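Report on the following structure.
What follows is calculated from the coordinates using simple rules that are stated; it is not laboratory data. All figures in this text were calculated on a predicted structure; none of them were measured in a lab.
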Amino acid sequence: MTNVSGRMIPFAIIAFFVGLAILMADLVTVARHSYPGEITKDAYKKGLQYNQAIDRTQLQENLGWNGEAKVSWQDLDVNVNFTLKDKNGEKIKDAQVDAWFIRPVQAGKDVKIALVADGQGGYSGKTALAWHGEWKLHISALYNGNNYQQVKNLNIQ
């Protein structure tokens, strides 16, 4: 009997390592299929432009513009209303305003809409989103060569 169990030790060691290799292969498969990949294209180059982003932020603050975005939704249909005022509190009526709905946790389903001016200083637009959950609303207004940007976090239920 001792002789038979002694023969099993090398097979037990081999079986242990084969089982471990199968487990590791399974974990690698799960990891490869659950990670969406690169979220930001050219992240390194964008990182090098960080100082330019800070300068643009300072320019926006110097303009003194104030924007207000109101978002309402029914299921996945979303309405955006936006007003932009200059540093004197006057509404800016002829800006080019775009809105992006950005899904921070999943690439490829972002939505861009051009907001339409009502002639009274208000801008509005509608769109349908792909999913409920977390979204970022990014608004960009261009007027007389100046750019105003605003970001708002949304939880669409």
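Summary table below
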| read-out | value |
| --- | --- |
| The range 100-106 - phi-based ³J(HN,Hα) in whole Hz, Karplus 6.51/-1.76/1.60, Gly and Pro as x | 10, 9, 10, 8, x, 9, 8 |
| In Hz, Karplus ³J(HN,Hα) per residue of the range 64-71 (6.51, -1.76, 1.60; θ = phi - 60°; x = Gly, Pro) | x, 6, 9, x, 10, 10, 10, 10 |
| MRE, 222 nm, helices only [DSSP H, n ≥ 4, -39500 (n - 2.57), over the chain, to nearest 500] | -11500 deg cm²/dmol |
| Links that overshoot a 22 Å alpha carbon limit, given the list Lys45/Lys112; Lys41/Lys112; Lys70/Lys126; Lys70/Lys93; Lys70/Lys91; Lys70/Lys136 | Lys45/Lys112 |
| Given (1) -0.29, -0.98, -1.16; (2) -0.34, -1.03, -1.18; (3) -0.48, -1.08, -1.22, the label whose value is log10 I(q)/I(0) by the Debye sum over Cα atoms at q = 0.09, 0.17, 0.19 Å⁻¹ derived from this model | (3) |
| ³J(HN,Hα), Karplus 6.51/-1.76/1.60, whole Hz, each residue of the range 83-95, x for Gly, Pro | 10, 10, 10, 7, 5, 8, x, 7, 5, 8, 9, 10, 7 |
